[in-house]
Amino acid sequence: MRAIIFPRPGEIELKDVPDPVPAPDEAVIKVKASGICATDIHIWLGEFIATYPVIPGHEFSGEVVEVGDKVTAFKVGDRVAVDPCIYCHSCPACRSHAENFCHNFKAYGLQLNGGFAEYVAVKESNLYRIDDLSWEEGAMMEPLGCVVHGLNQVAPIRPGGHGLIFGAGPIGLLNMQLYMHSGLSTVTVVDVMKHKLKIASDLGATHVILADTSLNEKLREIRPEGFDLVIDATGNPRVVQSAFDYVADRGKILIFGVCPPDSRITISPYEIYKRELKIYGSFSLLYTAAQSVDLLRSGRIKIEPLISHRFPLERFVEAFELKRNNPKPMKVMIVENLT
């Protein structure tokens with residue numbers, strides 16, 4: 001089969017590799033759609049918890065074409081999406097219901113071969129039926145699962161509260177759509193790109209604000225007392241620091257975007273104390289795949305507006321460079337049978 005390989009940090013190869021053979025508890029998936037994520041760029045750079053060589057790709061869906069001897073819940077022809085995370089269930093983190101911090105954590109596309117290939121073998125326990133959802137919706141189950149986990153971190157949401165999201169890329173707009181249905185009365189979205197704000201507006205954002213010199217004035221006009229929940233979906237440390245300027249007393253800040261590991265911000269412990277602020281992080285997903293599939297089936301989360309480009313596997317390098325070097329695209333998908 002044809003597959004993308006990261007042989008070592010900074011290198012990409014498209015090559016022929018042996019077809020996967022399923023273990024007794026695995027199914028072989030014919031990959032239909034696989035999303036390029038910013039994490040894939042970090043993996044390529046050697047900045048994330050991956051091993052090499054590896055076939056990357058952790059956001060993917062496909063059709064079951066072969067099953068192992070012990071697989072009972074899935075059959076050939078099933079349409080499935082994949083939760084990429086595999087936990088040991090025996091380390092202290094797993095035994096504390098914090099499996100996303102598993103000491104022996106593995107994931108498809110990081111330590112195990114992933115979805116930027118024609119076929120991939122996946123454990124039965126990591127498969128979720130998507131039925132009549134599109135292949136692209138199935139591939140977006142994983143990032144939506146991360147967003148749902150973020151919501152679980154900051155829950156409960158104050159009914160009637162007001163939210164502010166920095167970043168109108170795919171992750172920011174998944175957050176926006178989810179929080180619009182989670183009890184907030186308004187959701188304001190900020191970005192530097194007008195076309196991304198147009199998508200946010202079309203998807204129902206209460207306010208969309210261009211991040212220019214008038215940003216502070218516009219946000220103060222909307223909520224002089226600040227926002228109950230501020231989410232960073234940019235991964236920009238300066239933006240994260242600015243969240244403290246716009247969060248209301250007793251408000252919550254969710255750091256969702258992935259900032260550089262060595263970045264730092266300056267915050268006032270006194271301000272956190274005096275204003276009773278709450279700061280949350282959110283890493284990966286944690287048993288939120290089924291919830292994500294249900295949300296996609298409900299029609300409340302729209303995926304198609306978030307996809308800006310589709311490429312065949314043979315043009316992966318072009319797609320990857322577009323995602324890595326250009327801030328304008330939304331989600332870039334690798335799709336089967338696309339010419």
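Every number in this text was worked out from the coordinates using simple rules, so none of it is lab data. It should be emphasised that the depicted structure is a prediction, and the values quoted were computed from it without experimental measurement. Cβ sites come from the backbone with ideal geometry, for glycine too, and all protein chains shown count toward neighbours.
Binning all Cα-Cα separations of segment 1-149 at 5 Å, short to long from zero, yields these whole-percent fractions: 2, 11, 18, 22, 21, 16, 8, 2, 0. Rounded to the nearest 20, the size of the Cβ-charge dipole of segment 204-289 about its Cα centre is 160 debye, with Lys and Arg at +1 and Asp and Glu at -1. Annotation: lysines with alpha-carbon distance below 19 angstrom to Lys331 (same-chain offsets under eight excluded): Lys32, Lys194, Lys196, Lys198, Lys302, Lys323. Take the alpha carbon atoms of segment 57-108, find their center, do the same for segment 234-276, and report the distance between the two centers in whole angstrom. Using only Cα atoms to place each centre, the spacing works out to 33 Å.
Here the Gaussian network model covers the chain, with springs between Cα atoms less than 10 Å apart; of Val21, Val67, Val293, Val21 fluctuates the most. Dipole orientation for segment 187-339: of the candidates Ala289, Pro237, Pro327, Ala289 has the Cα lying most toward the positive pole (charges on Cβ; Lys, Arg +1; Asp, Glu -1).
Volume per residue for the chain equals 139 cubic angstrom (convex hull of Cα atoms).
Per residue, the convex hull spanned by the Cα atoms of segment 188-243 measures out at 86 cubic angstrom.
Between 0 and 90 degrees, the angle of helix 237-246 with respect to the longest Cα principal axis of the chain falls at about 40 degrees. Extension gain for Lys194 to Ala98 (0.36 nm times residue separation, less C-alpha to C-alpha distance): 30.7 nm. Under a Gaussian network description of the chain, with springs only between Cα atoms under 10 Å, the residue in Met176, Met141, Met193 that fluctuates furthest is Met193.
Can you tell me how much longer the chain between Phe283 and Asn326 gets when fully stretched, taken as 0.36 nm per residue apart minus their C-alpha distance, in nm with one decimal? Each step should come with its number before you reach the end.
Details: separation 43, 0.36 × 43 = 15.48 nm, distance 2.49 nm.
Gain in length upon complete extension: 13.0 nm.
Return one number: the angle in degrees, 0 to 90 and rounded to the nearest 10, between the long axis of the Cα atoms of helix 316-325 and the longest principal axis of the Cα atoms of the chain. With rounding to tens, the tilt is 20 degrees. Taking a straight Cα-Cα cut-off under 18 Å and skipping sequence neighbours fewer than 8 places away in the same chain, the lysines within cross-link reach of Lys30 are Lys15, Lys75, Lys123. Temperature 37 °C, viscosity 0.692 mPa s: under these conditions the Stokes-Einstein estimate for segment 147-281, based on its Kirkwood radius over C-alpha pairs, is 224 µm² per second.
Angle, helix 170-180 long axis vs. longest principal axis of the chain, Cα atoms, 0 to 90°, nearest 10? Helix 170-180 and the main axis of the chain meet at about 60 degrees.
Multiply the residue separation of Leu45 and Ala155 by 0.36 nm, subtract the distance between their alpha-carbon atoms, and state the gained length in nm to one decimal.
Result for the pair: 36.2 nm of gain on full extension.
Two numbers describe the Cα atoms of segment 101-145: Rg and Dmax, which are 11.9, 36 Å.
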